[in-house]
Amino acid sequence: MVMLELPYQKLVLVEGKTFRSTNQLRQSLYKSAWVLNMRDVEIDQSGRTDVLTVDTALALSNSMKASILIPKAVKQECYHALKASGIRKSRIGVRMLTAGLVVLLQPHIGDIHTIIIDLEYVGGATGDIKGELLHNLRQNAPELRNDQIVFGQIGKKSGAHTLALQTFREVRQPDRRVTIREMLDVLGLGSAGR
């Protein structure tokens with residue numbers, strides 16, 4: 001009898017449990033979204049982008065960690081610029097969330113395999129968000145595929161949730177404080193800002 005020696009890999013399930021598996025099983029589980037690749041990142045936010053009276057913290061976590069803070073004053077200026085450019089009020093929050101995601105992801109996009117965005121804040125706008133993210137992120141990562149951006153539940157035990165909440169509550173400093181110029185540039189309204 002011939003025994004095959006298959007290479008094993010450490011797997012991390014979405015729930016956080018780890019175990020060893022062959023590459024074939026990993027790929028099968030990965031396609032079914034049960035497994036997080038070590039180059040996958042989860043993204044969560046604290047302080048909604050469409051609420052203009054609070055700051056918004058966006059964070060990514062898994063093999064890397066990063067957080068940004070979008071101050072309420074920046075969101076208010078973006079809101080007025082988007083409204084002045086004819087964007088419907090119902091779309092402004094989605095556009096600002098997408099711009100914030102671009103600012104968060106842009107420096108790390110070459111190191112990320114899959115982006116998992118919390119469904120809690122996107123509502124029915126997953127297609128719009130995915131399309132705008134692909135458009136903006138492909139400028140630095142032209143090989144980025146549609147299936148590399150997914151939406152799912154990011155629970156309270158996620159590192160992204162903890163990081164976003166700590167940044168929002170000012171327990172942790174953001175890695176970057178977003179400016180109006182950055183937001184307007186991503187939104188394609190660069191000349192409207194200061």
For region 78-98, does any single residue satisfy the condition of being free of Cβ contacts under 8 Å to residues at least 40 places away in the same chain, buried (at least 16 other Cβ atoms within 10 Å of the Cβ) and not β-branched (Val, Ile, Thr)? yes
Can you tell which of Asp55, Asp50 is crowded, with 20+ Cβ neighbours inside 10 Å and assigned by TED's automatic domain parsing to the domain that holds Pro142? Asp55
When you look at Glu170, is it without any contact (Cβ under 8 Å) to a residue 60 or more places away in the chain and at negative phi, yes or no? no
Which condition does Lys157 not pass, out of (1) of a type in the set (D, E, K, R); (2) in contact (Cβ under 8 Å) with a residue 40 or more places away in the chain; (3) surrounded by 12 or more Cβ atoms within 10 Å (Cβ to Cβ), if it passes all the others? (3)
Within region 100-159, track down each residue that is under 24 Å from Ser90 (Cβ atoms) and hydroxyl-bearing (Ser, Thr, Tyr). Tyr121, Thr126
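The values are calculated or read from the model by the stated rules, or taken from the named source; none is laboratory data. From a predicted model like this one, the values you see are computed outputs, not experimental measurements. All Cβ positions, glycine included, derive from the backbone under ideal geometry; neighbour counts span all protein chains shown.
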